[in-house]
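One structure below.
Computed from the coordinates by the stated procedures, all read-outs in this text should not be read as laboratory data. Everything numeric here is computed off the predicted structure, so don't read it as measured data. Note: ideal-geometry Cβ built from the backbone for every residue, glycine included; neighbour counts use all protein chains shown.
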Amino acid sequence: MRQTTFQSLTYYQFSNLLPHTEIAHGIFTRLGGYSQAPWASLNTGHTVGDEPQAVQANHRLICQALGFHVQDIVSPYQVHGATVGIVDERDKGQVQPETDALITQTPGVLLMLRFADCTPIILYDPRQRVIGLAHAGWRGTVAQVVPATVQAMGDAFGCHSADLIAGIGPAIGPCCYEVGQEVADAVCQSLANGDQLLAHGTNGRWHLDLWAANAQQLRQAGVRQIETAQLCTACNVHEWFSHRAEQGKTGRFGALVGLKKPQ
């Protein structure tokens, strides 16, 4: 990924998406916003206790960085599932209920999801000009949200998985993501080669590799162009919000992608 700055903001972009100037995208760090601790400072989440005015100011700054307006945003109420929302111009400014991935073919729509350890996945089909954005924690990964997003892009817009470009963003890494036996069992039961995504830690608990799990699911869905950030949010709380590292008292960083309107 490439680090980019805009005014006070620091955000990251995928190298494999940057040549496609018809889209704007970014995964924004926690730096450079208006929120106060414990949400300092670029919190995008409305449901974590932060002042609404600060969150809205953060949204405006992010949109300015990407060349969109705040009213262009479409976002979901994320529930760690595998529901994919198909959105367009009519959905601007709306929150999609119980949805963990969004796709669109409409220029001028800015997709935004929020994260604090779960995995952001951006998808783009440059042939059909379709974008997708997914949220995958362990529950969403087990529920196959990424394959569901790839399938929805094909069903709704005729995308072929071999044409898709994927970026797996910053998330809690296998170094820090300890899980219990219940999660380990769910991974092994639901994912191919699930045992290979788990490792024993020094304290006897399992460590889950969400990066590898979602990369594996993309490959199995036929996606060939995959870039993984390999940035651990829990290791780098100076730059990212981390629910695990900050014991739940934290904000949410934003991942966004939008098709630009023709000039």
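What is the spin-label model distance, in nm, from CYS188 to ARG127 if the labels are put 7 Å beyond Cα along the C-beta direction? Those two pseudo-labels are separated by 4.0 nm. Annotation: amide H-H contacts under 5 Å for TYR34 (H modelled 1.01 Å from N, sequence separation of 5 or more, or interchain): ASN43, ASN58. Springs between alpha-carbon atoms under 10 Å, Gaussian network over the chain: tell me which of GLY85, GLY180, GLY26 tops the mean-square fluctuations. Its mean-square fluctuation being the largest, the pick is GLY180. Near LEU113, the amide H atoms lying under 5 Å from its own belong to ALA255; only residues 5 or more places off or on other chains count, and H is placed 1.01 Å from N.
Counting only Cα atoms, the range 1-77 measures 38, 23, 22 Å along its principal axes, largest extent leading.
Whole-Hz Karplus values for the range 67-72 come out as x, 10, 10, 4, 6, 7 Hz, taken residue by residue from phi with 6.51 cos²θ - 1.76 cosθ + 1.60 and θ = phi - 60°; glycine and proline positions read x.
Rg and Dmax, both from the Cα atoms of the range 48-159 and both in Å, are 13.8, 42. Partners of LYS92 within straight-line reach, counting lysines whose Cα lies under 19 Å from its Cα and excluding those fewer than 8 residues away in the same chain: LYS260, LYS261. Scalar couplings 3J(HN,Hα) for the range 4-10, obtained by applying the Karplus form with A = 6.51, B = -1.76, C = 1.60 to θ = phi - 60°, are 10, 10, 8, 6, 7, 8, 10 Hz; x denotes Gly and Pro.
Over the C-alpha atoms of the chain, the Rg to Rh ratio, Rh being the Kirkwood estimate, stands at 0.95. Springs join every pair of Cα atoms under 10 Å in this Gaussian network model of the chain, and among PRO97, PRO170, PRO147 the largest mean-square fluctuation is at PRO97.
The largest-to-smallest principal axis extents of the Cα set in the range 199-263 are 55, 32, 15 Å. Each residue of the range 109-115 is assigned a 3J(HN,Hα), and the resulting list reads 9, 10, 7, 9, 10, 10, 9 Hz, derived from the Karplus form 6.51 cos²θ - 1.76 cosθ + 1.60 (θ = phi - 60°), x at Gly and Pro. Each part gets one Cα centre, and for the range 219-237 versus the range 93-118 those centres are 19 Å apart. Extent along the principal axes, Cα only, for the range 149-259: 46, 32, 19 Å, with the longest axis given first.
Here's how it looks for GLU227: its modeled amide H is under 5 Å from those of ALA166, GLY167, ILE168, which are all 5 or more places away or on a different chain. Across all directions, the average flat footprint of the convex hull enclosing the Cα atoms of the range 84-131 is 3.7 nm².
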